[in-house]
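Contents: one structure, followed by commentary.
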Amino acid sequence: MLEIKGLNVKLEEEDKQILKGVDLSVEAGTVHAIMGPNGSGKSTLSYVLSGRDGYVVTEGSATLEGHDLLDLEPEERAAIGLFLAFQYPVEIPGVGNMTFLRTAVNAQRKARGLEEMNATEFLKLIRQKAKELQIDADMLKRPVNVGFSGGEKKRNEILQMAMLEPKMCILDETDSGLDVDAMKLVADGVNALRGAGRGFLVITHYQRLLNHIQPDVVHIMSDGRIVKSGGPELALEVEENGYGDILSEVA
Amino acid sequence: MATLDQTTEVKEGVDQETVDAVREVGGKYKYGWETDIEMDYAPKGLTEDIVRLISTKNEEPQWMTDWRLEAYRRWLSKKEPEWAMVDYPQIDFQDQYYYARPKSMEQKPKSLDDVDPKLLDTYAKLGIPLKEQMILAGVEGAGDTPAEARDGERKVAVDAVFDSVSVGTTFQKELKNAGVIFCSISDAIRDHPELVKKYLGSVVPVSDNFYATLNSAVFSDGSFVYVPPGVRCPMELSTYFRINAENTGQFERTLIIADKGAYVSYLEGCTAPQRDKSQLHAAVVEIIALEDAEVKYSTVQNWYPGDEDGKGGIYNFVTKRADCRGDRSKVMWTQVETGSAVTWKYPSCILRGDDSQGEFYSIAITNHHQQADTGTKMVHLGRNTRSRIVSKGISAGQAQNTYRGLVSMHPKAKNSRNFTQCDSLLIGDRCGAHTVPYIEVKNNSSRVEHEATTSKVDDEQMFYCRQRGMDEEEAVALIVNGFAKEVLQALPMEFAMEAQQLVAISLEGSVG
């Protein structure tokens, strides 16, 4: 589903190489986790895949179901089913959470040649999804992420994901800033979306999220490359011994 | 996007409605068409004779003619103000028509049934049907809840002003039953001279400023509202101004009087055809609120702004002022300014009565080469008076947007309060935002608060919206609407939706 080949990326503003040949393939219906120390290029990978400004791809390719991602605008990538749950969800003052989501849902539907979802239908759907994530009516009305706690922001990201029903979900450090209860809610939300041919790329610094979201494959990223891949046991190894051992092993 | 202009050849068999629909979607300024109708013009230029002619055409009594002539003489000695942060070529006041009336209006139609269908079509096309009908209230407001059904239907009475004359006013009978007078100002001068004599020029004196003085001399029509004591006007009142004729200035005069304990909400909308040459619009609005009266005045100003290179567009020089004459009276100005090449406008409140309140909510959006110098004056004269100013300026392209406001607390205005919040949003890096607040406090028990911020549409916000599937223009419209929300919320529901769409249209093509 998601195919990344020999991806080399540098910063636009300065001559600094961040990704140095990333190869990764996420099959439909599987959950891949990427772990790695700070500054290894994990978040950059998520930004490059979703089309944020500020990066230059110098080599390599990235496709989603055969579509060349790197050739598309961010909203076109979203329309073909790519979703990024942000590490730091952005605040948009004055725009109601529900208005935002409805605009997004209908923009994607329009791009796919579908009819807009009518208000009643939308309201019914969002209420149901919000309930599962313990998001109350008040949070749906408040401006997007404004004054939300860390946990609320992340649950809101998962709500957006549930409403937009993407094919490929990238979760960028979704566990950062979450307490145990919030993490469980988020993980439940993600697990409910698993299967149905949906791919996941879970980026995390710590193993603890992976206790709740069981990955099929774990990759270790370091200095712009994936240096080791394995099963869920690889995450446990990191948890026990830190990154040092693995990194010195592959060095 | 390719746009269909008026001259594009249309293949045979293509439905006119389809063509119109495409024009509406593709065109940048969707009200830019003109109505082909025979007009009566007064000769070009301005002289005492023209002033007399206008007065005669309106069948005015002598006192009104004298009033106009007095204004004209004063105007001759006045200079155009130069302090505003706007820049435009010298206006040749002798190269304008000061009076233009559709030929079919020579005999004033007795009822709407007698009005020239072409005129009715014009307003229908603008979405302002002049039939006495319910206005569907099912529009989605600026609020967050989609689909929360609004109950029932609401009525809006409309007065339509086409170039220099009022075309017709709806719901006359029903308003009359409530005791409300809502008619064109020319009718009021004839039918209610005692009210007009008493109040006209009592808020904006004849010699107030260059444009107001000009208006006093040549105003052709406009709306008149009188709400008697204790009456809550049973429906929204609305005037729709349309400039159609070329090289013609529009000078309308609006006078609104809310007697003791009365309430009225008034809406004003404006559009004009798309032309290469700029046109002048200089209106005066006077509001009088007596004891315990409340007036809400909302404007959605969408005069033709000129093209992308700054060619053409309306020069909008407007004097709007409310006098909160009675104790505990309240006036609220709400304006959404998206049109005009140049805007010069400061709807103000004189808070004369004790405990009176003035509010001003404004969004001014400028794009391409538009210039707006707008704001308000809150003059606190009475005790315990309150004012609140919320102004949002949004600039894109190479536009310049200035907030200019005065808050003045006089010695007798003890314990008065003002709160001012001015925010500016810049889209792109060639536009400008300026805030010029003047504050005068002459007593030591009053309090004035001022907040000002300037921000740019944030790249992070844009990316977030786009990652969720919105294109750049949708994303900007959403972010800007959020920025403007406080003001949009103050609008009557019927206008909130229109205003939201206007915001999006006005910024079209401003990103990327």
Residue-level accessible surface for B:ILE181, protein heavy atoms, 1.4 Å, Å²: 30
C-alpha center-to-center spacing [region B:207-236, region B:412-464] in angstrom: 30
Proximal charge balance of B:ASP292 [Cβ under 9 Å; K/R count +1, D/E count -1]: 0
Accessible area in the full protein assembly, largest first, 1.4 Å probe, for B:GLU291, B:GLU38: B:GLU38, B:GLU291
Solvent-accessible area, 1.4 Å probe, carbon plus sulfur percent, for the protein assembly as shown: 46
The protein assembly as shown: radius of gyration and largest Cα-Cα distance (Dmax), Å: 30.4, 103
Unsatisfied cross-links (Cα-Cα over 21 Å) in the set B:LYS197/B:LYS320; B:LYS118/B:LYS345; B:LYS377/B:LYS412: B:LYS118/B:LYS345
Averaged over A:103-109, number of beta-carbon atoms from partner chains that fall within 10 Å: 5
For B:476-484, mean number of other protein chain Cβ atoms within 10 Å: 4
Chain A: projected area of the alpha-carbon convex hull, averaged over directions, in nm²: 13.4
Solvent accessible area, Å² - A:MET163, 1.4 Å probe, full protein context: 10
Gain in span if fully extended, B:ASN444 to B:LYS198, counting 0.36 nm per residue against the direct Cα distance: 85.0 nm
B versus A: buried accessible surface, summed, Å² (probe 1.4 Å, to nearest 100): 2600
Cβ-based net charge around A:VAL56, under 15 Å, with every Lys or Arg adding one and every Asp or Glu removing one: -3
Threshold 30 Å², region B:455-469 residues less accessible with all protein chains present than alone (1.4 Å probe): B:GLU460, B:GLN461, B:PHE463, B:TYR464, B:ARG466, B:GLN467, B:ARG468, B:GLY469
Electrostatic dipole magnitude of the protein assembly as shown [Cβ: Lys, Arg +1; Asp, Glu -1; Cα centre; debye, to 20]: 2760
Per residue accessible area of the protein assembly as shown, 1.4 Å probe, in Å²: 40
Ranked by how many other beta carbons lie within 10 Å on average, peptides B:54-61, B:232-239 from highest: B:232-239, B:54-61
Set of region A:82-107 residues, backbone N closer than 16 Å to the point 7 Å along the Cα-Cβ line of A:ASP179: none
Nearest 10 degrees, 0 to 90: helix A:119-132 Cα axis against chain A principal axis: 50
Proximal charge balance of B:ASN58 [Cβ under 9 Å; K/R count +1, D/E count -1]: -1
Peptide-level mean, for A:78-91, of C-beta atoms on other protein chains within 10 Å: 3
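The values are calculated or read from the model by the stated rules, or taken from the named source; none is laboratory data. All values reported here derive from a predicted model rather than from experimental measurement. A quick note on method: Cβ atoms are made from the backbone with ideal geometry, for glycine too, and the neighbour counts reach across all protein chains shown. Accessible surface areas use protein heavy atoms only, side chains included; no ligands, DNA or RNA. Shrake-Rupley method; radii C 1.70, N 1.55, O 1.52, S 1.80 Å.
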